[in-house]
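Okay, so here's the structure we're looking at.
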Amino acid sequence: MLFRSLRFLAHHHQLLEVTRTGPLGVQDAVQQLEGFEAPAGAWEYPLLASRVKDYDPSWLDQLFLSGELVWGRLCPPRRSEEDTPSRAPLTRAMPMALVRREDLSWLLPPDRVSLDAHCRGNARTTLDALSQRGALFLSELKTLTKLLPSHLEESIRELAALGLITADAFAAVRSLTGAMGPNRRRLGAATVAVGRWSRFPGIDLAPTAEPDPRQRDANLESWCRLLLRRYGVVFRDLLARESAAPP
């Protein structure tokens, strides 16, 4: 029974006979996986590469540079007011989601909270600059914050780990996590000077009050359709793997 279930899931994700290809193939694979928080360093290899024939990282970059996709943490780490400011940087193992921008409004958990108060000094300075000026390149952030390059990079890694910022290029994730491709080849250099950085758009989309019942039902239906697209068959135990899904 377990073998049949695994074979069905592998077929459902086109892992047995890969037919997806090109940017459209990557787009289709992300649609099936969006909202799922996987380790940051695993998104391209093995997740997308196993679903898209002859996977090329530039195909994913195209979708980000066009503004269609965004990466970030749908479920930031839980912290209380008594917790000390975070020191944890974004790592390969840290959970992260790829989502279509147009779906963020219903993918975000209704109880998602911003962790602005848990930033350390340099991270707070960097976040303030992004809040006031919008998307900025690393050189612009350096000028505005007057931080040393090493301190600025450290603050960006901290803010990404808290789910507070994102970048308009997936190359930033490769550089932050030291992502590896086939044959253990590193995909990105250890630098965050890739693309523009901005506040994670979900911060402004997360509801601040109880949603309208009709809107809540529509969001639940969207989640149900997504889970069916992801798994084919949905049952309660699957939700244990879905950190952002409604209960």
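The values are calculated or read from the model by the stated rules, or taken from the named source; none is laboratory data. As the structure is a prediction and not an experimental result, all values here were calculated from the model. Cβ coordinates were reconstructed from backbone atoms using ideal geometry, including for glycine residues, and neighbour counts include every protein chain displayed. For accessibility, only protein heavy atoms count, side chains too; no ligands or nucleic acids. Shrake-Rupley method; radii C 1.70, N 1.55, O 1.52, S 1.80 Å.
Details
- Take every Cα pair under 8 Å whose residues are at least 6 apart in sequence, average their separation, divide by the length of the chain, and the relative contact order is 24 percent.
- Taking the charge dipole of the chain about its Cα centre, with +1 at Lys and Arg Cβ atoms and -1 at Asp and Glu Cβ atoms, the residue from Pro213, Val70, Gly41 reaching farthest to the positive side is Gly41.
- Gaussian network model of the chain, springs between alpha carbon atoms under 10 Å - residue of Asp217, Asp103, Asp168 with greatest fluctuation: Asp217
- CD proxy at 222 nm, helix term only [per DSSP H run n ≥ 4: -39500 (n - 2.57); per residue of the chain; nearest 500]: -12000 deg cm²/dmol
- Local net charge near Pro57, Cβ-Cβ under 9 Å (Lys/Arg +1, Asp/Glu -1): -2
- Cβ-placed point charges (K, R +1; D, E -1), dipole of the chain about Cα centre in debye, nearest 20: 660
- Accessible surface computed residue by residue for the chain, with neighbouring protein chains in place and a 1.4 Å probe, gives 52 Å² per residue.
- Surrounding net charge for Trp197, when Lys and Arg each add one and Asp and Glu each subtract one, Cβ distance under 12 Å: +2
- Antiparallel beta bridges, as assigned by DSSP with both residues in the chain, represent about 90 percent of the total such bridges.
- Where only alpha carbons of the chain are counted, the Rg and the Dmax (Å): 18.4, 60
- Rounded percent of accessible protein surface that carbon and sulfur make up, segment 1-121, 1.4 Å probe: 57
- Choice from Arg112, Arg78, Arg157 showing the highest fluctuation, given a GNM over the chain with Cα pairs closer than 10 Å: Arg78
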